[in-house]
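Participant: First, the structure itself, so that you have it in front of you.
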Amino acid sequence: MTAELFEKLRKTIIEGQWDEAVSLTKDAIQENLSADAILRECLMPAIATVGERFGNGEYFLPELLRAGKAMQLAVDQIEPLLTRVGGNLQMGRYLIGTVKGDIHNIGKNIVIMMLKGTGWEVTDLGVDVAPETFCSAIREGAYDILGISTLITVTMPAARQTVEAITEAGFRDKIKIMIGGAPVTQEFADMIGADAYAIDAWEAVTKAKDLLGKS
């Protein structure tokens, strides 16, 4: 019964069926299946399949969005149970925001859905975030990774200014920095001193794990 239920749940995530994903996750909880089992044996393999399909061109942004939302809604159902077992499934703490002058958030929000769905605790600073705000958040929290998003070319200098501000504040050794967004390239990431660049949401999840040695 468990195998059949998990197979159905995996399918709803892969196909982005939101209501069914929530319903089947609730069924799994009612059958006293552990949050660990639901996440590791069902939800995470499902979103991994979605990432693979996106990477090889079988899925596109709409499919990625639907699957990401289905994944997040399912995770929302088990999150209280994860908290009660001591958060042992937490991958790490991720701080994220879109740089000053840029109010776009769709890419950032997809990354957040994927991160939460794969076990990360995410703090979202929102859009149009000043370098000083990033620094304050790093100072006040114990984050493993900072994700910087810039979706338009004219705000790319703000990404550089953010990294410079973090360095000048003495926080650069405290946190890993990732960057992504439509105009961003690996060369730009290297130039501003970021630790990693991700071309899309799934690569962001993969590289975040790599940065913490959790692949």
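Only the coordinates and a few stated rules stand behind these numbers; no lab work does. None of these values were measured; they are calculated from a predicted model. Every residue, glycine as well, gets a Cβ built from its backbone with ideal geometry; the counts of neighbours run over all protein chains shown.
Participant: Using a Cα distance threshold of under 15 Å, what count of lysine pairs results for the chain when pairs must be 8 or more residues apart or interchain?
Facilitator: 11
Participant: To the nearest 20 Debye, how big is the dipole of the chain about its Cα centre, given +1 on the beta carbon of each Lys and Arg and -1 on that of each Asp and Glu?
Facilitator: That gives the chain a dipole magnitude of about 220 debye.
Participant: So how compact is the range 53-151: Cα radius of gyration and Dmax in angstrom?
Facilitator: Just the Cα atoms of the range 53-151 yield Rg and Dmax of 14.7, 42 Å.
Participant: Using only Cα positions of the range 122-215, each an equal point scatterer, no hydration layer, compute I(q)/I(0) via Debye at q = 0.13, 0.24 Å⁻¹ and quote the log10 values to two decimals.
Facilitator: -0.39, -1.44
Participant: Right, here's the next one. With θ taken as phi - 60° and the coefficients 6.51, -1.76 and 1.60, list the Karplus ³J(HN,Hα) couplings across the range 174-188 in order, rounded to whole Hz; mark glycine and proline as x.
Facilitator: Each residue's phi maps through the Karplus curve to give 8, 8, 7, 10, 10, 9, x, x, 3, x, 7, 10, 4, 4, 5 Hz.
Participant: Something else now. Using alpha carbons only, how many degrees (0 to 90, rounded to 10) separate the axis of helix 156-168 from the longest principal axis of the chain?
Facilitator: The angle comes out near 80 degrees.
Participant: Rounded to whole Å and sorted largest first, what semi-axes of the equivalent ellipsoid does the C-alpha gyration tensor of the chain yield via the square root of 5 times each eigenvalue?
Facilitator: In descending order the semi-axes read 32, 19, 13 Å.
Participant: Highest mean first, how do 144-156, 33-45 rank when packing is the count of other Cβ atoms within 10 Å averaged over residues?
Facilitator: Going by the mean number of other Cβ atoms within 10 Å, highest first, we get 144-156, 33-45.
Participant: May I pose another question? Given the range 2-84, what whole percent of its Cα pairs are spread farther than 17 Å?
Facilitator: 38
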